Amino acid sequence: MSLLRLENVTKKFGGLVAVDKVSLEIKEGELIGIVGPNGSGKTTLFNVISGVFPPEEGTVIFDGQDITTLPPYKRAPLGLGRTFQISRPFSSASVRENVAIGAMFGRLAHKVSVNNSLEIADRYIDMLGLETHRDKAAGTLTPVEKKLMEIARALAMRPKLLLMDEAMAGMNPKDIDDMVKFIKKIREEEKIAIVSMVEHIMRAVAGLAERVMVMHQGAKLIDAKTEEALTDPRVIEVYLGHPPDQAKWRSEIWKKERDNNG
Amino acid sequence: MKKNIAKYYPLVPVLAAYLVMFLMGKNMSGMWQLMAMLAFYCALGQAFNIFLGMTGYVDFGYVAFLGVGTYGMALGITRFASFEGLGIGIIIIGFALALVMATLLSLAVGAVALRLRGAYFAIATIGVNEGFRYLIEGARIWNGSEGIIFMAEMNQAFGRELASALSTFWADVMVFIIAALAALVTIYYMRSKIGYALTALREDEDAAKVMGINVTKYKIIAFITSASFAGLIGATSWAIKTPYVFPPEVFEIHYTVEAIIIVLLGGAGTLLGPVVGGLIYGLSKYWLAVILPGFQLLIFAPLIIIIIIAFPEGVIGLLKARVKGRRLGTFIE
């Protein structure tokens, strides 16, 4: 059974079609990458899924329930967690309190007390290696630490589906590899589906996702197995601008032009 | 269990401060009026802090809740004074009316204005107190602009002696109790999911929503709680203590501004902040009025700007950061 199903979702901002008739199906426990250049509508798609704004057209079905117009605070308890492209910590609260807030209002909100939540927070803080920052104000962390804290906070919500928006931006290759390993491990242990969205760090997608959806100008360009998707000529064109031979042809003209001008 | 009690240690300095103020006022001659004034400012700060401090929303119409609370007590006393045998029960009726009226007004204002964000909320609330004042005056509700003078009803209901004791002593005692109750509710909120939700929405409302927090619900909880305490303060300080009520006096925006200053000065969102802010504000206002009568506002305005630039977190916010992790830290919140 599919966990999340998008059917012809369209989101417009004035005349700009940010997300154009996108359909997508995610099964339980699946690891999916969403790739696309800057401005291709990835974050808007995430915002539609997490309920920041409703789509103009199409439906969003999560766990068998139509959530198209459900406000975001009602989606989180169903098991939808996310991190943000630009980290959004609750700055004055400590790391521990931030992560505890995730547990407190997430999927198990009605079952956990404040004290339980703080214990759950400790577990995820250890898991992400943030022990030394536990009592620091979240606003004082470095950007990468904030990203890790957001992942801990989202995991503490005990989601069924975790949306990660550029979780690995700004990390060095070694950290990315560690993160990829961690995400795979967490998927196994917690049995959650993960959608990881990436603009250009292909290292992160190639090692992580089983399936990749590539977006271009708001629309779905391709949705296929990772290797197939990333080597597709259309995808290469989206990133590099032109088919290889044409690009070469243009560069030769340009070279001539330069030589002529001396 | 011991750990659960330790969570409430920050109440100790707050309650101790109120106790010291009370004892000083009661036992030192000539100090009672000063201590009563300080208690009023502390209570005002403590009540307003539940909304302003915990949500980060500025309500410029806050004084309206004190105003309707004053009217609640005034109506309670004037309407029920002729009933024989109610005795002190009239005060309870007055408090109940004050609470109901402040709650209803906060629901009405909150349902509309709390849909707005940040500065828009502040602007939307600016007119609330003035609007309510003109409604009472224009529609001639509750005697309109003539106000209500209920000294005679107080004497009739309680007897001259008790009425006088109520005005000069018990009203102030009740302000101390209200301030302490507001502190209790504040720490209860801080330690429950309500407090965590409010912190989250104060820092980042959109992120809070995505984390599963129904931000409107928690804002309204904080707003109503804060408004109810304002109603109670109005019912004591402005009704029992001074048995008359005139619309221009109880809907004066000046008091909202004082409340904002107290909360920011002491440290918004802290438990001890309103006490410290109330003491600093009340004492400096008192001394400036003695030393340079008439000039206190002129001196106070730049002073406040300096303090707020120097300690944006307020006195307690600054102190809290200093004592964090130390033993003293468990008592400062």
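Readers should treat all values here as calculations from the given coordinates under stated rules, not as data from a laboratory. Since the structure is predicted, the reported quantities are computational estimates derived from the model, not experimental observations. Backbone-built Cβ (ideal geometry, glycine too); neighbour counts: all protein chains shown.
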Item to check | Rounded to 5, the percent of DSSP beta bridges in the protein assembly as shown classed as antiparallel | outcome: 60 percent
Item to check | For chain A, with +1 on Lys and Arg beta carbons and -1 on Asp and Glu, the positive-most of A:A204, A:L162, A:L24 along the dipole | outcome: A:L162
Checklist entry - Given springs between every Cα pair under 10 Å in a Gaussian network model of chain B, which of B:F223, B:F65, B:F150 has the largest fluctuation? => result B:F150
Checklist outcome for this item: The residues B:H254, A:H200, A:H110, A:H216, sorted from fewest to most surrounding Cβ atoms within 10 Å, come out as A:H110, B:H254, A:H200, A:H216
Checklist entry - Stretch B:I126-B:L303 to full length: gain in nm at 0.36 nm per residue minus the Cα-Cα span? => result 61.3 nm
Item to check | Total charge dipole magnitude, chain B, about the Cα centre, Cβ charges on Lys, Arg, Asp, Glu only, Debye to nearest 20 | outcome: 1300 debye
Checklist outcome for this item: Under the 7 Å Cα-to-Cβ spin-label approximation, B:Y9 and B:L86 lie apart by a distance in nanometres of 4.7 nm
Checklist entry - What is chain B's relative contact order, in percent, from Cα pairs under 8 angstrom and six or more apart in sequence? => result 32 percent
Item to check | Residues A:I120, B:I233 arranged by fewest to most Cβ contacts within 10 Å | outcome: A:I120, B:I233
Next on the checklist: Counting only pairs 8 or more residues apart or on different chains, how many lysine pairs in the stretch B:116-248 have their Cα atoms under 23 Å apart?
Outcome noted: 5
Checklist outcome for this item: As straight-line cross-link partners of A:K185, the qualifying lysines (C-alpha separation under 17 Å, not fewer than 8 residues apart within one chain) are A:K160, A:K174
Checklist outcome for this item: Descending packing, highest mean Cβ count within 10 Å first, for B:122-128, B:327-333 is B:122-128, B:327-333
Checklist entry - What is the stretch B:14-92 by shape, rounded, prolate or oblate, if you read a ≥ b ≥ c off the alpha carbon gyration tensor as root eigenvalues and call it rounded for a/c under 1.5, prolate for a/b larger than b/c, and oblate otherwise? => result oblate
Checklist entry - Pairing the Cα long axis of helix B:118-138 with the longest principal axis of chain B, what angle in degrees results, from 0 to 90 and rounded to the nearest 10? => result 0 degrees
Checklist outcome for this item: Per the helix-only model, the protein assembly as shown has a calculated mean residue ellipticity at 222 nm (DSSP H runs of ≥4, -39500 (n - 2.57) each, divided over all residues, rounded to the nearest 500) of -19000 deg cm²/dmol
Checklist entry - What is the local net charge at A:M168, summed over the other residues whose Cβ is closer than 11 Å to its Cβ (Lys, Arg +1; Asp, Glu -1)? => result -4
Checklist outcome for this item: Whole-number value, in Å³ per residue, for the convex hull of the alpha carbons of chain B is 157 Å³
Checklist entry - Averaged over all directions, how much area does the convex hull of the C-alpha atoms of the stretch A:1-145 cover when projected, in nm²? => result 10.0 nm²
Checklist entry - Quick one: what Rg and Dmax do you get for the stretch B:188-297 from the alpha carbons, in Å? => result 17.6, 54
Checklist outcome for this item: Simple SL model, points at 7 angstrom along Cα→Cβ for A:T59 and A:K184; separation in nm is 3.7 nm
Checklist entry - Where does the stretch A:90-179 land on Rg/Rh, using Cα atoms and the Kirkwood Rh? => result 0.97
Checklist entry - Rounded if a/c is under 1.5, else prolate if a/b is larger than b/c, else oblate: which is the protein assembly as shown, with a ≥ b ≥ c the root eigenvalues of its Cα gyration tensor? => result prolate
Checklist entry - Taking the alpha carbon gyration tensor of chain A, what are the square roots of 5 times its eigenvalues, largest first, to the nearest whole Å? => result 35, 23, 16
Item to check | Under 5 Å, built H, 5+ apart or other chain: amide partners of A:G36 | outcome: A:V198, A:M215
Checklist entry - Taking the Cα centre of the stretch B:43-149 as the origin and placing charges on Cβ (Lys, Arg +1; Asp, Glu -1), which of B:G45, B:A74, B:G56 is farthest toward the positive end of the dipole? => result B:G56
